[in-house]
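The values are calculated or read from the model by the stated rules, or taken from the named source; none is laboratory data. Values in this document were obtained by computation on a predicted structure and should not be read as measured data. Positions of Cβ are backbone-derived with ideal geometry, glycine not excepted, and every protein chain shown enters the neighbour counts.
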Amino acid sequence: MTEQFKEQGGAATMDPSGFGRWLTSMVVRKLISEQRLNKKRRRTERRRQQTKQPHVVEYFHQIDDGYSHLAVQMLSQLLSRYDIQIKCHLVSASTDANAPEPKLLANLSRYDASKIAPHYGLHFPQSLTSPNDDLVILAQAILANFTDQQFVNHAADVSTAFWHLDRIGLEQLSEQYGLSNRENITAKIEQGNQRRAALKHYSGGMFYYAGEWYWGVDRLYHLEHRLSELGADRQPDEAWLAPQQQLECGPLTDNGSLTLEMFASLRSPYTAIVFDRTIAFAKAVGITLKVRPILPMVMRGVPATREKGFYIFSDCAREARLSNSPFGGFYDPIGEPTRRCYSLYPWACSQGKGNELLSNFLRAAFAEGINTNNDTGLRHVVEKAGLDWSSAQAVLGADDWKVMLEDNRRAMYDSGLWGAPSFRLLDGQGQPQLSLWGQDRLWLFSREIQRLLSQQS
């Protein structure tokens, strides 16, 4: 692939050569091309029709993953609504470079799932206690004994008992459906892991259909839209089972008493597509927005594998098209371009243009395809931000930004978060009210803001 995205298990290079940076950028652009995606979809569908195969959706369930608990509750509804077959796989958590913070991810999956579940008409226990290993094995033993149809019909019951720490309930289910022995459990999980790896993914709670991945309930609207376009929707006039959640910008507005913090990275595609929307949203509802830049994960020593990079960029392109966010003209800003931009950030903030600098850098790197690793590209960013290039040159290369970014990183980790973009909502006393990772959660912050404002009125 290039030195930027190495094979699975390899780390991305912090400072690729000029040729490596260019080649990675060209490969990613091709990967996320809408034209390429549509061509691939048409080819896949022709092949399915020619071989008279059904629409087959594969689901990968990780019993101790909070997002999987939400996803598994959707299986029977999906099967009823769409003309599909569902093939179910039991998997375990990734233990390689695809999951650099496994404990943080496990904790976040429980907390995050508990917050979003009600908005999808699903349930997750309010108690966030992690089930012990004995319960994990017991639940896996039941699931490993299921056929695909039994999994669709009954896995949600097993998952519900598991997350409610209901050993008696699990034992009753085991009496009803039987148990697999340790050897069969191991074999089933290994088969699921191998299938997931063969399809180039690494997470639980995932749906796979005809060459594309859909993450849990958050991406089901993409899958539902695709199945609907293919004529597989049995109720085309009905609302989707898991529609895209929308921002709520009213009716209440704030007087600045609430603060929304955004931990943003200049090499995060998800940051790129939500940065300007976050600024516009904060302005619309009157809250204070505090942007807290952080180093990209690779520049913090967190590895990035090829398969993870591929999924993130393709998923982000799909999200960008849906939100009409400019995206696609990628020119990799990892390493020196990011450091150079951050060296200008304190100065830009002193001019009241800090957000403008970051916004235009992200747009150049992820939408306009501008090489920010030279003065021509960086000058374009600076001047688009309304700043003077000759003045910028006088401070270019300063290192006073490093302490600030490290403070931001520590604050983010203290909230149980580790990637960009992450958000944290603070009340008037500076106390965190909600802390979550991902551009997918801006809608949830919008609703929490409305809830807090209603309490003030």
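What the table shows:
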{"read-out": "Checklist (1) polar (S, T, N, Q); (2) part of a helix (DSSP H, G or I); (3) closer than 24 Å to Q439 by Cβ applied to N98, failing item", "value": "(2)"}
{"read-out": "Any hit, the stretch 237-250, residues being within 15 Å of the chain's Cα centre (by Cα) and free of Cβ contacts under 8 Å to residues at least 40 places away in the same chain", "value": "no"}
{"read-out": "Residues of the stretch 359-381 that turn out to be assigned to a helix (DSSP H, G or I) and closer than 19 Å to T271 by Cβ, as a count", "value": "13"}
{"read-out": "Among the residues listed as F162, F207, the single one being surrounded by 15 or more Cβ atoms within 10 Å (Cβ to Cβ) and part of a helix (DSSP H, G or I)", "value": "F162"}
{"read-out": "Hey, R110 outside the structural domain of R318 (by TED's automatic domain parsing), touching a His at 6+ places or on another chain (Cβ under 6 Å) and not in a loop (DSSP other than H, G, I, E, B) or not", "value": "no"}
{"read-out": "Test: residue in the stretch 173-195 that is under 30 Å from F313 (Cα atoms) and free of Cβ contacts under 8 Å to residues at least 12 places away in the same chain", "value": "yes"}
{"read-out": "Residue among L434, L444 that is assigned to a strand (DSSP E or B) and modelled with pLDDT of 95 or more", "value": "L434"}
{"read-out": "Residue under evaluation K353, criteria (1) out of contact with any Leu (no Cβ under 7 Å at 6 or more places or on another chain); (2) buried (at least 17 other Cβ atoms within 10 Å of the Cβ), criterion not met", "value": "(1)"}
{"read-out": "Verdict on Q85 being in a strand (DSSP E or B) and either surrounded by fewer than 21 Cβ atoms within 10 Å (Cβ to Cβ) or in contact (Cβ under 8 Å) with a residue 40 or more places away in the chain (or both)", "value": "yes"}
{"read-out": "Total residues in the stretch 38-65, condition of a type outside the set (A, V, I, L, M) and closer than 24 Å to L90 by Cα", "value": "10"}
{"read-out": "Some residue of the stretch 135-143 being outside any helix (DSSP H, G or I), in the same structural domain as A197 (by TED's automatic domain parsing), closer than 25 Å to A242 by Cα and at pLDDT 95 or above", "value": "no"}
{"read-out": "Filter result for A117 (assigned to a helix (DSSP H, G or I) and under 21 Å from D440 (Cβ atoms))", "value": "yes"}
{"read-out": "Test: residue in the stretch 402-415 that is more than 21 Å from L295 (Cβ to Cβ) and buried (at least 20 other Cβ atoms within 10 Å of the Cβ)", "value": "no"}
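One line per residue, one yes/no per condition, for (1) within 29 Å of S343 (Cα to Cα); (2) without any contact (Cβ under 8 Å) to a residue 60 or more places away in the chain; (3) more than 22 Å from the chain's Cα centre (by Cα):
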{"site": "A385", "(1), (2), (3)": "yes, yes, yes"}
{"site": "A392", "(1), (2), (3)": "yes, yes, yes"}
{"site": "E406", "(1), (2), (3)": "yes, yes, yes"}
{"site": "Q431", "(1), (2), (3)": "no, yes, yes"}
{"site": "Q439", "(1), (2), (3)": "yes, no, no"}
{"site": "R451", "(1), (2), (3)": "no, yes, yes"}
{"site": "Q456", "(1), (2), (3)": "no, no, yes"}
